[in-house]
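In what follows, a single structure is set out as structure tokens and then discussed.
Please treat every number below as a calculation from the coordinates, not as lab data. Treat the numbers as computed from the prediction; the structure is a model and nothing was measured. Cβ atoms come from the backbone with ideal geometry, glycine included; neighbour counts cover every protein chain shown.
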Amino acid sequence: MTKDTENIRIKDIAQMAGVSAGTVDRVLHNRGRVSEENLKKVNAVLKMVNYQPNLIARSLASKKQYKIVAIIPSFKKGEYWESISKGIDKAGNEFEDYGVHIQKLYFDQYDNNSLNKTVDELFQISFDAVLIASLFANSVISISEKLDELNIPYNYIDSNISGQNQLAYFGTNSFDSGVIGAKILLNSIGKDANILVSRMIHSGDQNSNQSINREAGFNSYLNTVGYTGKVHYVDLKIGSSVFNFSVLDAFFESQNNIKGIIVFNSTCHKLANYIKVRDIHNLIVVGYDVIEENANVLREGYITALIAQRPQLQGYNGIKSLCEYLILKKRPQKENFMPIDILMKENVDYYNEQ
């Protein structure tokens, strides 16, 4: 904080934002109702002047301990959710001296029932805030409603769910990232070429919220530009290469006019490795997330483009904003969209997901 900003007063902030001093006080201390318009005005001024209450003095004086639970999918080394986890750890380490403890609860990202079991575990322990990977919309809405009843703050990461009372969302606009995927494909193959969409079979009653929203954006763009080709679908299994090869062999034997492929989650490498093994050429392949397995086949030319969303930053900001809310009563902006990055083999090695 500079000398000019460290002595700024509430009434100065109010004057700059064009609101009352009482409104600024309510924003700073999270007490009483503030309109969305006034909240944006005050937060804009606070950000501009780099207003920071004395975090150390406040936290040390209170000696209060805070527990934040992060509900995220389990992962293996090099997978997408490892990056989310690293961001969570980074924020947790930064706020550890201020009485913040982070606990992670894991679920299977391909099994909605697994998330429901993890939620049961959540409500058996005590906590002050929750970070939720919002993969399965219906289940997450149910979690959110219970947290609302308990007046416990929570953030979403990975994909947003509108109409809920989350403190904030950190992630990309999933619909727009689907539009971008469609644009990349059609700009390369044309509006009359056939496309293959690969989906991963999920257990439970719903697919990933992120993938659903991306596919909605994808289809919206096809409709907007008057796409005249045909979209085909194949369902694959996350842990069965034998099954996947069998399904893909049968598909390509019956359909040899596919020009483009898109995969709406981080498993594009499974399609790319099939193409590599079968020595299939002249396909434009678009996927999501710069995990190690995807990046390797991108470098080899079997994936044309990857659309990335800075997962480590999502995890970091999701926890950081909860910490600031608990300690400082600092309310974040509700929607915080990450950049949508497009990577190809020529620039993937320079990418910094933070």
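For a 29 Å ceiling on Cα separation, which of these pairs sit above it: LYS104/LYS237; LYS86/LYS270; LYS117/LYS345; LYS77/LYS330; LYS146/LYS183; LYS11/LYS90?
Checking Cα-Cα distances, LYS117/LYS345; LYS77/LYS330; LYS146/LYS183; LYS11/LYS90 exceed 29 Å.
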- line: Computed about the Cα centre, the charge dipole of the chain from +1 Lys/Arg and -1 Asp/Glu charges at the Cβ has a magnitude in debye, to the nearest 20, of 920 debye
message: From the phi angles alone, apply the Karplus equation (6.51, -1.76, 1.60; θ = phi - 60°) to the range 163-176 and give each ³J(HN,Hα) in whole Hz, x where the residue is Gly or Pro.
response: x, 9, 9, 4, 4, 7, 10, 10, x, 7, 7, 4, 4, 5
task: Rounded to the nearest 500, what is the 222 nm mean residue ellipticity of the chain from helices alone, with -39500 (n - 2.57) per DSSP H run of 4+ residues and division by all residues?
output: -14500 deg cm²/dmol
- prompt: When ranked by the protection proxy of mean other Cβ atoms within 10 Å per residue, highest first, what sequence do the peptides 67-73, 102-108 form?
  reply: 67-73, 102-108
- request: Find how much the distance from LYS47 to ASP192 grows on full extension, using 0.36 nm per residue of separation minus their present alpha carbon separation; answer in nm with one decimal.
  value: 47.4 nm
- request: For the range 3-48, evaluate the Debye formula with one uniform point scatterer on each Cα (no solvent term) and list log10 I(q)/I(0) at q = 0.31, 0.32 Å⁻¹, rounded to two decimals.
  value: -1.23, -1.29
query: Which value in nm describes the separation of the simple spin-label points at PHE243 and ASN282, placed 7 Å from the Cα toward the beta carbon?
result: 3.3 nm
Alpha-carbon radius of gyration plus Dmax, which is the widest Cα pair, for the chain in Å: 22.7, 72
field: Among LEU28, ILE10, LEU46 the positive-end extreme of the charge dipole of the range 3-48 (Cβ point charges)
entry: LEU28
message: Sort 79-88, 136-145, 30-39 by the packing proxy (mean of other Cβ within 10 Å over each peptide's residues), most packed first.
response: 79-88, 136-145, 30-39
statement: Ranked on Cβ counts within 10 Å of their own Cβ, fewest leading, ASP128, ASP279 go ASP279, ASP128
